[in-house]
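Undergrad: Have a look at this one.
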Amino acid sequence: MHDSSALYALLGGTFDPIHFGHLKPAEALARHVGLRKVTLMPNNVPPHRQQPEASVSQRLAMIRLAIAQRPLFDIDERELRRDAPSYTIDTLRALRAERGLRQPLAFIIGQDSLLTLPSWHGGYRLLDYCHLLVCQRPGYNQQMKTSEDRQWLQQHQVTDYAQLHQKPAGCIYIARTPLIDISATEIRQRRHRGESCDDLLPAQVAAFMDREGLYRDLHGA
Ligand code: ATP
């Protein structure tokens, strides 16, 4: 059974692989706004987009290893279990239906995702189902592109995080999380060059990548 009054927060991503840029900002955010759990939700990637290098089971295994000693986190595998990739808004709509209209729900994103969010399927309407909790990310502290986007942000942004607990959805909170300059792309590239990534992700994940020979094959590149 879940606690239907506590703020429930999800962090969606490809996690190819999971790294400290996912974990550390989320941990800081949880301490700051008072999240008991952060649920990691790995996604299926639509066929027309570049596919993850790791398989679904490898991405999942890496997440499990990364959170084994981190009780803040758990995993929601629903998007991986579906045959087809799902839009974030559809998943959030389903979660809202499961958890009822009153429970505060939040979707955690990095600043890079906030900048692109208006072009996501459903875009602005994500806020009908959840709050957006935004973690800072180096290189992405920019204004939103269009005046419509900036207005949307202004209308929904809150600076008092108490509102995230009081309302079920509809707020954007940009948190002062630590700036962690890591991306999964950089990790894959470093591994392709045969360089170490030990400082970028949990040791158990690095050991798994070594055992599986992950991100070594350049596919003829
Ligand atoms: P890639 O380099 O393959 O695009 P990524 O490192 O951006 O991957 P994703 O799995 O695509 O990782 O990201 C999932 C979510 O985590 C996104 O909302 C993204 O903005 C956020 N995120 C990823 N890395 C960081 C970081 N270093 N700091 C803050 N947020 C991050």
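Undergrad: Among LEU35, LEU65, LEU29, which is the only one that is at pLDDT 95 or above, surrounded by 14 or more Cβ atoms within 10 Å (Cβ to Cβ) and under 14 Å from the mean Cα position of the chain (by Cα)?
TA: LEU29
Undergrad: Can you find, within the stretch 112-139, the residue that is farthest from LEU95 (Cα to Cα) among those that are within 9 Å of the ligand (Cβ to nearest atom) and part of a loop (DSSP other than H, G, I, E, B)?
TA: PRO138
Undergrad: Provide a single number: the residues in the stretch 84-111 that are in contact with a Cys (Cβ under 8 Å, 6 or more places away or on another chain), within 16 Å of the ligand (Cβ to nearest atom) and not in a strand (DSSP E or B).
TA: Residues meeting the conditions: 2.
Undergrad: While we're here: Since ALA9 meets every condition but one in (1) over 18 Å from ILE187 (Cβ atoms); (2) more than 11 Å from the ligand (Cβ to nearest atom); (3) touching a residue at least 40 places away in the same chain (Cβ under 8 Å); (4) outside any strand (DSSP E or B), which condition does it not meet?
TA: ALA9 satisfies all of (1) over 18 Å from ILE187 (Cβ atoms); (2) more than 11 Å from the ligand (Cβ to nearest atom); (3) touching a residue at least 40 places away in the same chain (Cβ under 8 Å); (4) outside any strand (DSSP E or B) except (4).
Undergrad: Right, here's the next one. What are the residue pairs meeting all of these: first residue in the stretch 145-170, first residue more than 18 Å from LEU105 (Cβ to Cβ), second residue among the β-branched types (Val, Ile, Thr) and surrounded by 15 or more Cβ atoms within 10 Å (Cβ to Cβ), Cβ atoms under 7 Å, and 6 or more apart or on different chains?
TA: LEU153/ILE172
Undergrad: Write out, first by first residue and then by second, each pair whose Cβ atoms fall under 7 Å of each other, whose residues are 6+ apart or on separate chains, and whose first residue, in the stretch 171-191, is without any contact (Cβ under 8 Å) to a residue 24 or more places away in the chain and more than 7 Å from the ligand (Cβ to nearest atom) while the second is hydrophobic (A, V, I, L, M, F, W, C) and in a loop (DSSP other than H, G, I, E, B).
TA: ARG190/CYS197
Undergrad: Hey, another quick one. State all residues of the stretch 40-65 that are under 12 Å from PRO202 (Cβ atoms) and away from the ligand (no atom under 14 Å from the Cβ); if no residue qualifies, say none.
TA: Within the stretch 40-65, ARG64, LEU65 qualify.
Undergrad: If we scan the stretch 73-83, do we find a residue that is within 22 Å of ALA175 (Cα to Cα) and not in a helix (DSSP H, G or I)?
TA: The answer is yes; a qualifying residue exists.
Undergrad: Then there's this: For the stretch 12-39, which positions are under 16 Å from MET62 (Cβ atoms) and more than 9 Å from the ligand (Cβ to nearest atom)?
TA: Listed by number, the list holds a single entry, LEU23.
Undergrad: Quick one: would you say LEU80 is within 16 Å of the ligand (Cβ to nearest atom), surrounded by fewer than 22 Cβ atoms within 10 Å (Cβ to Cβ) and at pLDDT below 95?
TA: So LEU80 fits the description; yes.
Undergrad: Of everything in the stretch 200-216, what is in contact (Cβ under 8 Å) with a residue 24 or more places away in the chain and part of a loop (DSSP other than H, G, I, E, B)? Give them in sequence order.
TA: LEU200, LEU201, PRO202, LEU214, TYR215, ARG216
Undergrad: Spot the failing condition for PRO46; the list is (1) modelled with pLDDT of 95 or more; (2) out of contact with any strand residue (DSSP E or B) (no Cβ under 7 Å at 6 or more places or on another chain); (3) more than 26 Å from HIS165 (Cβ to Cβ); (4) not acidic (Asp, Glu), and only one is missed.
TA: Just one mismatch for PRO46, condition (1).
Undergrad: Can you tell me which residue in the stretch 182-199 is farthest from LYS24 (Cα to Cα), limited to those that are hydroxyl-bearing (Ser, Thr, Tyr) and not in a helix (DSSP H, G or I)?
TA: So the residue we want is SER196.
The values are calculated or read from the model by the stated rules, or taken from the named source; none is laboratory data. Being a predicted model, the structure only gives us computed values, none of them experimental. Heads up, the Cβs are rebuilt from the backbone with ideal geometry, glycines too, and the neighbour counts pull from every protein chain shown.
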